[in-house]
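See structure below.
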Amino acid sequence: PGVPAERTQTTKMHVLRSNEISALDFAGKLRKEIRDGFMFAEVTNCFDLVQFESYGEAKDAGNVRMEGKEYVIRDGDVVFIKWK
């Protein structure tokens with residue numbers, strides 16, 4: 001309620017320039033509300049992702065895995081944070 005439909009499923013890209021950061025800490029760098037509402041992270045490798053037409057296709061093929069808040073993001077990871 002109160003949020004226009006076109007804003008409810010926004011995806012943004014951020015480049016991480018830090019080593020050894022957890023998915024939860026990364027969520028906090030994006031926005032406090034994302035950290036507080038963190039549910040899980042969907043993770044795939046960028047080199048695996050380019051083999052597919054879309055993120056959804058990579059997910060359907062089983063190349064996207066779910067990780068928790070303690071997951072340490074690695075070089076080449078593509079991370080999609082799910083939050084409430």
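FYI, it's all coordinate maths here, none of it is from the lab. Note that the structure is a prediction, hence the values are computed from the model and not measured. Counting neighbours? That spans all protein chains shown, and the Cβs are built from the backbone with ideal geometry, glycine included.
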TODO: Quick one: net charge around Val64, please, counting Lys, Arg +1 and Asp, Glu -1 for every other residue with C-beta under 12 Å from its C-beta.
DONE: -3
TODO: Just grab the label-to-label distance for Lys69 and Met13, each label 7 Å out from Cα along the Cβ direction, in nm (one decimal).
DONE: 2.9
Open item on the list: Could you compute the net charge surrounding Gly28? Neighbours are other residues with a C-beta less than 11 Å from the C-beta of Gly28; K and R count +1, D and E count -1.
Closed with: +2
Task: J(HN,Hα) series, segment 11-19, from Karplus relation 6.51 cos²θ - 1.76 cosθ + 1.60, nearest Hz, glycine and proline x - done: 10, 10, 10, 10, 9, 9, 10, 9, 9
Task: Hz values of 3J(HN,Hα) by residue in segment 53-61 - Karplus curve (6.51, -1.76, 1.60), Gly and Pro given as x - done: 6, 7, 4, x, 5, 5, 5, 4, 7
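For every helix of n ≥ 4 consecutive DSSP H residues, a contribution of -39,500 (n - 2.57) applies; sum these over the chain, divide by its total residues, and give [θ] at 222 nm rounded to the nearest 500 deg cm²/dmol.
-6000 deg cm²/dmol
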